[in-house]
1. Select from segment 91-109 the residues that are surrounded by 12 or more Cβ atoms within 10 Å (Cβ to Cβ) and under 29 Å from L14 (Cβ atoms) and list them in ascending order.
2. Are there any pairs with C-beta distances below 9 angstrom linking a residue in segment 36-58 that is closer than 15 Å to L105 by Cα and of a type in the set (D, E) to a residue that is in a helix (DSSP H, G or I) and at pLDDT below 85, with the two at least 6 apart or on different chains, and if so which?
3. Take the residues in segment 50-68 that are more than 10 Å from the chain's Cα centre (by Cα) and more than 16 Å from G32 (Cβ to Cβ), then tell me which one is surrounded by the most Cβ atoms within 10 Å (Cβ to Cβ).
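The values are calculated or read from the model by the stated rules, or taken from the named source; none is laboratory data. Here the structure is a predicted model, which means the values were calculated and not measured. Cβ: placed from backbone, ideal geometry, glycine included. Neighbour counts: every protein chain shown.
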Amino acid sequence: MSTPQARRARDDGLQPERTALSWSRTSFGVLGNGALLLVRDLDHYAGPLRLLPAGLAVVIAGVTYLVGLQRQRVLRRRPLPAQLAPRRQIRLIGVSVLLIVVTALTLPV
């Protein structure tokens, strides 16, 4: 019969999977919004500057996906590190998404 500690060591729960899914959803959401910005600007193409928000969204989606992969690796480590929250990465992605929004809104139509 296995002890509770041995069972707990084998079963880490679903947090790593939930974390991976949430970072993947975020990256696909940013990518989808970038595609919508691209489709919006194809009707009245006014030069390559109009494609900047969509290009930024693609880059931020890639960065978000890579951060998600890095988070998966962190959550698989045992013992877990003392600092688990990805504060810096979340701020970076949040500011980047705001940059996309501001860029999309300030460019002339």
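1. Step one: list which residues in segment 91-109 are surrounded by 12 or more Cβ atoms within 10 Å (Cβ to Cβ), which gives 92-93, 96-97, 99-101, 103-104, 107.
L92, I93, S96, V97 - these are the residues of segment 91-109 that are surrounded by 12 or more Cβ atoms within 10 Å (Cβ to Cβ) and under 29 Å from L14 (Cβ atoms).
2. Short answer, once both residue conditions are applied: D41/R50; D41/L51; D41/A104.
3. Step one: of segment 50-68, the residues more than 10 Å from the chain's Cα centre (by Cα) are 50-59.
With the extra rule that they be more than 16 Å from G32 (Cβ to Cβ), the set shrinks to 50-52.
Details: R50: 19, L51: 17, L52: 16.
Looking at the filtered set, the residue picked out is R50.
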